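A short worksheet on the structure shown next.
The values are calculated or read from the model by the stated rules, or taken from the named source; none is laboratory data. Bear in mind that the values here come from a model prediction, so they are computed numbers and not experimental data. Glycine also receives a Cβ, built like all others from the backbone with ideal geometry; neighbour counts cover every protein chain displayed. Side chains are part of the model used for accessible areas, which takes the heavy atoms of the whole protein and leaves out ligands, DNA and RNA. Shrake-Rupley method; radii C 1.70, N 1.55, O 1.52, S 1.80 Å.
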Amino acid sequence: MRSIDIRFAVLCAMSCIAFAVDAQIAPLPECLHTTGFVSRLRMHWRVRPLGHDEARWGVVWNVADSSCYDGAEMILRDARYTDAFGRESACLRIFSIRDGLLASEDAYEFSPAASMRDGGGSLRLSLDRGASEAVLSAGFGEPEISVPVAIVTKGRVGCYSLSPCDTLRHELCVDSLPEPIFTSYSIDSLRKHLSLSRDVNEGEWVYYDRDTDPVRLSVGGDYRFATISDGRGGYDIVYISGAVENAEAWPPMRVKGRLLPTGFIGQFDLVWYDAYGEPMGGDCSALITDGMLLEIRFPLYGGNVRYRRDRVQ
């Protein structure tokens, strides 16, 4: 009976050991993928370590260069290190590299739900449309640890392994937005231009009314914008103020859309960027009536929105 107690005590002691995480800088993968102005991201790196030694594999994101990036690394302990129930010991290490040095690091110890050496272990990085943060998760199957992380635009992502392994899944899906476009005008120079303009299609516009199905189409704010000739028969729609949804992405003077000439007076094909900067798709159009009302039409979404000319200029 005493020998059983001793063996149990040894097992408990082993399960309570705090494993030190080496503060090493993970190498950048040779193959990196540019995300651009990312709106959605799904990255899944699943491997099955070979052998019984400690195994390490990871993902990197926000890669500007070899001296500036963020990353997460899965560390599967030597097969000898198990808890009192025989489960493997693992650690999720999240780190940031700045100026070539380890700037921050967090470690999360856990025991996988099943053997990663038998079935593999996953690292996932996901960003949903409109989300302010991405989620980094790790585990055998369903995420066992999930941590919010920041994703910057125009970064690069990749994955790596520091140990022999079988790759079970390597998936990367990225939806990127068009790069934001800004006019060369300031708000003062824009209004001065409008005050001198003789073009009835140029002007500053404010919300008037709408005919929309709220399930299919929502207005992202009480928009105020200007229409400015592009010199080719069309007009840039320049955002001024009023955004509510994703407002931080809309500083004044960003191009909200474009009016493209059709050959018919006052009628235009429309390019319109939604609150998250995504084009609304085809069949959008616009109509300027008597230089006083600007109607924006979204037939595929079952709605129209009208703006009236504002005489501030």
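Worth pointing out:
- Segment 23-74, subset part of a loop (DSSP other than H, G, I, E, B), farther than 19 Å from residue 167 by Cα and touching an Asp or Glu at 6+ places or on another chain (Cβ under 8 Å), residue modelled with the lowest pLDDT: 23
- Residue satisfying all of: in segment 73-106; of a type in the set (Phe, Trp, Tyr) and more than 25 Å from the chain's Cα centre (by Cα); farthest from residue 150 (Cα to Cα) among these: 85
- Residue match in segment 297-308 (condition: more than 22 Å from the chain's Cα centre (by Cα) and either among the acidic types (Asp, Glu) or under 28 Å from residue 133 (Cα atoms) (or both)): no
- Within the set 118, 99, 83, the sole residue that is among the charged types (D, E, K, R) and on the phi > 0 side of the Ramachandran plot turns out to be 99.
- Unique match (being more than 24 Å from the chain's Cα centre (by Cα), over 20 Å from residue 256 (Cβ atoms) and open to solvent by 50 Å² or more (accessible area, probe 1.4 Å)) among 191, 198: 198
- Within segment 201-220, being assigned to a loop (DSSP other than H, G, I, E, B), at pLDDT below 95 and not small (Gly, Ala, Ser) holds for 212, 213, 214, 215, 216, 217, 219.
- Summed over segment 139-184, residues that are open to solvent by 50 Å² or more (accessible area, probe 1.4 Å), closer than 30 Å to residue 254 by Cα and part of a loop (DSSP other than H, G, I, E, B) total 8.
- Restricting the first member to segment 153-167 and to residues that are modelled with pLDDT under 95 and of a type in the set (Lys, Arg), and the second to residues that are outside any strand (DSSP E or B) and open to solvent by less than 70 Å² (accessible area, probe 1.4 Å), the beta-carbon pairs closer than 6 Å and six or more apart or on different chains are 156/32.
- From 215, 219, residue being among the β-branched types (Val, Ile, Thr) and either without any contact (Cβ under 8 Å) to a residue 40 or more places away in the chain or open to solvent by less than 30 Å² (accessible area, probe 1.4 Å) (or both): 215
- Within segment 103-138, tally of residues that are over 26 Å from residue 247 (Cβ atoms) and open to solvent by 60 Å² or more (accessible area, probe 1.4 Å): 8
Rundown of residues vs (1) closer than 15 Å to residue 95 by Cβ; (2) open to solvent by 50 Å² or more (accessible area, probe 1.4 Å); (3) of a type in the set (A, V, I, L, M, F, W, C), yes/no style:
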site: 27; (1), (2), (3): yes, yes, no
site: 30; (1), (2), (3): no, yes, no
site: 36; (1), (2), (3): no, no, no
site: 53; (1), (2), (3): no, yes, no
site: 71; (1), (2), (3): yes, no, no
site: 77; (1), (2), (3): no, no, no
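- Sole residue being modelled with pLDDT under 95 and open to solvent by 30 Å² or more (accessible area, probe 1.4 Å), chosen from 279, 261: 279
- Residue satisfying condition, being open to solvent by less than 20 Å² (accessible area, probe 1.4 Å), among the β-branched types (Val, Ile, Thr), modelled with pLDDT of 95 or more and over 20 Å from residue 311 (Cα atoms), within set 271, 255, 238: 255
- Taking each residue of segment 176-192 that is closer than 9 Å to residue 226 by Cβ and looking for partners that are exposed (fewer than 15 other Cβ atoms within 10 Å of the Cβ) and among the hydrophobic types (A, V, I, L, M, F, W, C) with beta-carbon atoms closer than 8 Å, six or more apart or interchain, yields 191/312.
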